[in-house]
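Scroll down for the structure; my scribbles are underneath it.
The values are calculated or read from the model by the stated rules, or taken from the named source; none is laboratory data. The shown structure was predicted, so the numbers you read here are calculated from the model rather than taken from an experiment. Note that each Cβ is placed from the backbone with ideal geometry, even for glycine, and that neighbours are counted across all protein chains shown. Ligands, DNA and RNA are excluded from the accessible area calculation, which covers all protein heavy atoms including side chains. Shrake-Rupley method; radii C 1.70, N 1.55, O 1.52, S 1.80 Å.
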Amino acid sequence: MLDVQGLRKVYDGRQRQVEAVRDLTFTIDDGDLVCLVGPSGCGKTTLLKCMAGLLPPTSGEVRLRGRAITGPPPGMAVVFQEYGRSLFPWMSVRDNVELPLRQKRIARGKRRELVDEALAAVGLADTHNAYPWQLSGGMQQRVAIARAVAYQPDVLLMDEPFAAVDAQTRADLEDLIRQLWQRLGVTILFVTHDIDEAVYLGQRVLILSSSPTVVQESLRIDLPDTRDQLHTRAEPRFTQLRGHVYEQIQAAKRGQRPPAQAGRP
Ligand code: ADP
Ligand code: MG
């Protein structure tokens, strides 16, 4: 579904150049739910922007169903880290969520249905007429998530979407993402710096090294498909996988590449 080949991104500043991403290669299968973890500043947002067609790579490429991405592809939705800047302040919550559906030329009745459903799913059923600036940060982020969900994308890219929400809401939203993934069969790339979240959510976890960034490891999460906050997180296997991801991130920070096969959890 998604194919990232030798992706490199160098920001060209007036004073200096920043090599945000050195060499990233990985693929994401149709219908997979992949979490990407890596230290702050390692280029996760840069990678996502390249994948969304919002930023041209310096070299390498990103392909969606075999076709190189050169601009925002239809059928892809992105939830950004800076939720505050991703909603239109002069539009009500409802209009914000509905906007991409208008652009998709979905009929009015169907639009209404999709917006209602998405806002209910993120627990905002009674804030349709509010404006984003009247909501807390966590609520704004949920509006951004509802907008992506209502759009019914084939591919959903999310950049640390739960960083600003409280722990309880975050747990609910994690479960919502798993439900949507199972119900809609959407392909998801979920970026987080939270190891527990990556292991809980993902079918696979991609571990990035610190800058200059490469893929440290791709780890299959062999936990059962049905997950729940209490039991999954208490499973010995969960603890084991989390420990492994933690160790790999530490190794990446020290600049060590994982020895082939050894160190498998
Ligand atoms: P992450 O999302 O993993 O925290 P980013 O992709 O935001 O990392 O940033 C990776 C590196 O690229 C950082 O060193 C950051 O300072 C730099 N960077 C990000 N955006 C820009 C930009 N527009 N211009 C110059 N440097 C940038
Ligand atoms: Mg980021």
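Structure notes:
- All positions within region 13-55 that are under 13 Å from the mean Cα position of the chain (by Cα), within 29 Å of Gln179 (Cβ to Cβ) and free of Cβ contacts under 8 Å to residues at least 40 places away in the same chain: Lys49
- Top-ranked residue in region 188-220 [being among the polar types (S, T, N, Q) and open to solvent by less than 20 Å² (accessible area, probe 1.4 Å); ranked as nearest to ligand 1 (Cβ to nearest atom)]: Thr213
- Taken together, Asp32, Asp12 contain a single residue that is closer than 24 Å to Ile221 by Cα and either away from ligand 1 (no atom under 12 Å from the Cβ) or in contact with a Ser or Thr (Cβ under 9 Å, 6 or more places away or on another chain) (or both), which is Asp32.
- Inter-residue pairs, beta-carbon under 9 Å, first in contact (Cβ under 8 Å) with a residue 12 or more places away in the chain and in region 179-196, second within 15 Å of ligand 1 (Cβ to nearest atom) and of a type in the set (S, T, N, Q), 6+ apart: Val191/Thr45; Val191/Gln81; His193/Ser40
- Candidate set from region 55-86 (those that are touching a Gly at 6+ places or on another chain (Cβ under 9 Å) and among the β-branched types (Val, Ile, Thr)); member that is farthest from ligand 2 (Cβ to nearest atom): Thr70
- Taking the conditions (1) under 24 Å from the mean Cα position of the chain (by Cα); (2) modelled with pLDDT under 95; (3) within 26 Å of Ala52 (Cβ to Cβ) in turn, Val97 satisfies each one other than (2).
- Test: residue in region 105-112 that is at pLDDT below 95, within 16 Å of ligand 2 (Cβ to nearest atom) and open to solvent by less than 70 Å² (accessible area, probe 1.4 Å): no
- Residue ID - nearest to Trp133 (Cα to Cα), chosen from residues in region 55-104 that are open to solvent by less than 40 Å² (accessible area, probe 1.4 Å) and of a type in the set (D, E, K, R): Arg94
- Those helices (runs of 4 or more DSSP H) lying entirely in region 173-265 with at least 2 residues farther than 29 Å from Tyr151 by Cα and modelled with pLDDT under 95: 229-234, 236-253
- The helices (runs of 4 or more DSSP H) found wholly in region 18-126 and carrying at least 1 residues that are in contact with a strand residue (DSSP E or B) (Cβ under 6 Å, 6 or more places away or on another chain) occupy 44-51.
- Selected residue (criterion: farthest from ligand 2 (Cβ to nearest atom)) from residues of region 4-54 that are closer than 20 Å to Gly75 by Cβ and open to solvent by 40 Å² or more (accessible area, probe 1.4 Å): Asp30
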